[in-house]
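Novice: One structure, pasted below without further comment.
What follows draws every value from the coordinates through simple rules; no lab data is involved. Keep in mind it's a predicted model, so treat the numbers as computed, not measured. With ideal geometry, Cβ positions are generated from the backbone for all residues, glycine too; neighbour counts draw on all protein chains shown.
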Amino acid sequence: MNHKAEATCPNGHIVELGVCTMKKKKFFGGEKVCGSKGYIEISPDEIQCVGCKTIYSYKLCPICNAEIPISAFQKKSFFSKLG
Ligand SMILES: [Zn+2]
Ligand SMILES: [Zn+2]
């Protein structure tokens with residue numbers, strides 16, 4: 001799935017899927033964000049990061065922290081269905 005895929009959060013914010021934000025621990029302390037742009041669709045509701053293999057079933061809206069189901073990003077048009 002493209003990291004540019006968009007969905008609308010329950011509060012109306014348009015959110016990009018974006019890069020993987022999972023933090024990976026480094027050997028000598030500290031953390032590094034995965035940052036991978038590639039996702040594999042493993043089911044209609046879940047995607048897996050190709051970098052760190054994290055499975056996502058939802059994404060948090062960066063503005064209001066609402067959960068947006070992955071299935072919302074898979075729709076070609078986010079105007080096609082309301083509610
Ligand atoms: Zn990742
Ligand atoms: Zn929002």
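Novice: What is the Cα coordinate range of the stretch 6-82 on the first, second and third principal axes, sorted by size from largest, in whole angstrom?
Specialist: Principal extents (largest minus smallest coordinate, Cα): 48, 27, 15 Å.
Novice: Could you give the length gained on full extension between LYS26 and GLU46, defined as 0.36 nm per residue of separation minus the Cα-Cα distance, in nm? Don't skip to the end; give the middle numbers.
Specialist: Working: separation 20, 0.36 × 20 = 7.20 nm, distance 2.68 nm.
Stretched fully, the LYS26-GLU46 segment lengthens by 4.5 nm.
Novice: Taking the Cα centre of the chain as origin, work out the dipole magnitude from +1 charges on Lys and Arg Cβ and -1 charges on Asp and Glu Cβ, in debye rounded to 20.
Specialist: 340
Novice: Which is farthest toward the positive dipole end of the stretch 6-82 among PHE73, TYR58, GLN48, measuring Cα position about the Cα centre, with Cβ charges +1 (Lys, Arg) and -1 (Asp, Glu)?
Specialist: GLN48
Novice: So for the stretch 6-82, if I pair up every lysine 8 or more residues apart or on another chain, how many of those pairs have alpha-carbons under 27 Å apart?
Specialist: Within the stretch 6-82, the lysine pair count is 26.
Novice: A further question follows. First select every other residue whose beta carbon is under 9 angstrom from the beta carbon of LYS23; then total the charges, Lys and Arg +1, Asp and Glu -1.
Specialist: +2
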